[in-house]
1. With N residues in chain B, what two-decimal value do you get for its Cα radius of gyration over 2.2 N^0.38 Å?
2. Given a Förster radius of 51 Å and the C-beta distance between residue A:232 and residue A:119 as r, what FRET efficiency does 1/(1 + (r/R0)^6) yield to the nearest 0.05?
3. Would you mind checking the radius of gyration and Dmax of the protein assembly as shown based on alpha-carbon positions, in Å?
4. With +1 on the Cβ of every Lys and Arg and -1 on the Cβ of every Asp and Glu, and nothing else charged, how large is the dipole of the stretch B:40-129 about its Cα centre, in debye rounded to the nearest 20?
5. Work out which helices of chain A, taken as complete DSSP H runs, extend at least 24 Å along their axis over the Cα atoms and score a mean Kyte-Doolittle of 1.0 or more, then list them.
6. Counting only C-alpha contacts under 8 Å and six or more residues apart, can you give the relative contact order of chain A as a whole percent?
7. In whole angstrom, note down how far apart the Cα centers of the stretch B:19-67 and the stretch A:100-114 are.
8. If you average the alpha carbon positions of the stretch A:176-215 and of the stretch B:134-167, how far apart do those two centres end up, in angstrom?
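Just so you know, all these numbers are worked out from the coordinates, no wet-lab data involved. Note that the structure is a prediction, hence the values are computed from the model and not measured. Because the Cβ atoms are built from the backbone with ideal geometry, glycine has one as well, and the counts that use them run over all protein chains shown.
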Amino acid sequence: MELTWGLMIVIYLFAAGLSAGAMITSNLSYLYGGQDFQRVSRVGALITPFPISLGLGVLVLDLGSPFNFYQLFLTLELSSPMSYGSWLILIFSIFSIINFYLWLPKKFQIVGQTLQLEKGKKLLAKIMPFLSVGVASYTGLLLNAAVRPIWNAPLLPILFLVSAFSTGVAAVILIATLSPWERARHKELHVLTMADVGLIILECLLILFIIVMGRFSSDSESVAFGSLLYGHYAWIFWLLIVGFGLMLPLLLEFMELKNKIPVKWTWPVTISSSFLVIFGGFFVRYIITYAGQTSSWF
Amino acid sequence: MTIRMGFVIITSRCIDCDACMVACRSENDVPLGHTRNWVKSSGVQGQFPKVSERFQPGNCMHCDNPPCVKVCPTGASQKRPDGIVIVENKKCIGCKYCLTACPYDARFSNPETGKADKCTLCLHRLEQGLEPACVQTCLGKSRQAGDLNDPDSIVSKLIAQYPTRILLKNVGTGPNIYYIDEAVPEIPEGK
Ligand code: SF4
Ligand code: SF4
Ligand code: SF4
C-alpha cells in the first residue's frame, strides 16, 4: 500500500503519548512526592495541554473532510478505536486544560478560591492517571485494529504506553531543567531520571519481544519485521531508535545517577539525555506507522 | 435465504484489456490517478518455452467480515444486508483509517470529495436491474457478479462447477470474490 497515514499521524500518535506521559508524571509526583516535588508536578501540568492540542490540530488538518470532523462526536462506535479514542482524547484534553489552570501560579488564578483549587488538583491527580493510560495505550490499539503486519503486534499498546511515559518523564525533566523559573531540584530530577531508566529498559525488552514474536509468526509478519532489522528502515531502527533513542540516553542517565558526570557537565548532559529520549520516542511511532503500511499480507 | 452479493472472476478468461477499469472510471466518475478496480499480472511464470502469465482482476471484495467497516469511527463505512459494503459520504470524515485496514488496498481517498472511495458493486445500476459496469463491459466474460446465496445465479453455478480460491484467506476477512483459474469454456445461464 502507498502511504495513507503520513507524518501528521505520526505527530499525532507521538504528541498524544507525550501529553499522557507528562500528565501522569505530574500526577504521580504530586500524589507521592508532595511538596518536595512541587516543581516537576507543575511543569508536567503546564506542558500537558500543548502537545495534544498540536496533535489534534494536525489530525484534523489531515482529514479529507476536516469540516465534517464533528461526525466523530455524533456517535460512539465501540469496534473502532478511533471512535472511542476521540472521545477519550476530548475528555483528556478538557481536563488537561482545567488542570493547567489549577497549576498556574496564584496570581493568574482569577476564578476560584485557593482551597477549592487545591481540592480540584488532588481530585484530578487521582483521575488523570487512568485517562493518561487510556490515551497512551489507545494509540497502539488504533494501529492494532487495522490488522496489518507489525501494526497487529499484541504488545504494541503496551510499547506505546511505556514509550509515552518515558517521553513524558523526559519532557518534564527537559523543561524543568531549561526553565529559568522554578527550576527543578536535584532530588526531583534524580527520582525522575531513575524512573526513566526503568522505562527505557522496559521499552528495550518490549521491542525485543515484539520483534522476536513477529519474526516467529507468519511469513508476512516476519518479512515486515525484517524491514526494520535489515531492510529499508534498518538505519532508523538501529541508529535513531536503538542507538540515539535508547542506548545513549540510558548510558547518560545511568552515569547521572551514579554521579559520574562532572558538575559543569550535568546541565548539558541532562538536557541531551532527555532530548534524546523524546527524539527516540518520536521515531518509534514513525517507524511503526510507516513500516506497517509499506508491508502487507501475502 | 438472505442475499449475499459478490463476484466470480475467471482469470483464464482475462486478457488484460483493462476495459473494466475504463468502464468503472466512466460509470462512477473515478478521478484520474485512482481506481476502484484493477488487473494485476502474475508476471511471467515458468521456463521458456512453457511460459505463461496470469491476469487477476479485482476490486473491493465486499468481505463478510470487513475490517474497513469495523474500524470506521463514524459509521460511514457500512455493510448492507445484501452484503454490499458502502461508504455513506455524508458521515465520512476522510480519516483514511479504512484505507489502512483493507488488506486488499481496495480503497482510496477521493481527492475531489475528500472521502473514502471504493467499488459500490455499482449499486445504482443494480437498482435499475443492470449489471455492474465492469461486468457488462468485460470482453472475455471473465467478470461475473450476483447473489452468491442464490443457487440459480451465474456466480453460484460457476462456484458449484469449478474449483475456486479466495485471496488472503489467512487474514480472515471472508472476501466475496471467488477466483476460478481453470478454463471455463461456457458461462452458464442464470440470474
Ligand atoms: S475488500 Fe477491503 S474495502 Fe472491500 S470490504 Fe473487504 S476490507 Fe473492506
Ligand atoms: S475515511 Fe470515512 S469511511 Fe473510512 S474510516 Fe474514515 S470516516 Fe470511515
Ligand atoms: S462493480 Fe462497479 S464500482 Fe465495482 S469495480 Fe465494477 S464498475 Fe467499478
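1. Working it through for chain B, the quotient is 1.02.
2. 0.45
3. 27.0, 90
4. That gives a dipole near 120 debye.
5. Numbers: long enough: A:7-28 (31 Å, 1.76); A:81-103 (31 Å, 1.35); A:114-144 (44 Å, 0.59); A:156-178 (32 Å, 2.30); A:186-215 (43 Å, 1.53); A:263-294 (46 Å, 0.85).
Once both thresholds are applied, what remains is A:7-28, A:81-103, A:156-178, A:186-215.
6. Relative contact order of chain A: 25 percent.
7. After rounding, the separation between the Cα centres reads 62 Å.
8. 58
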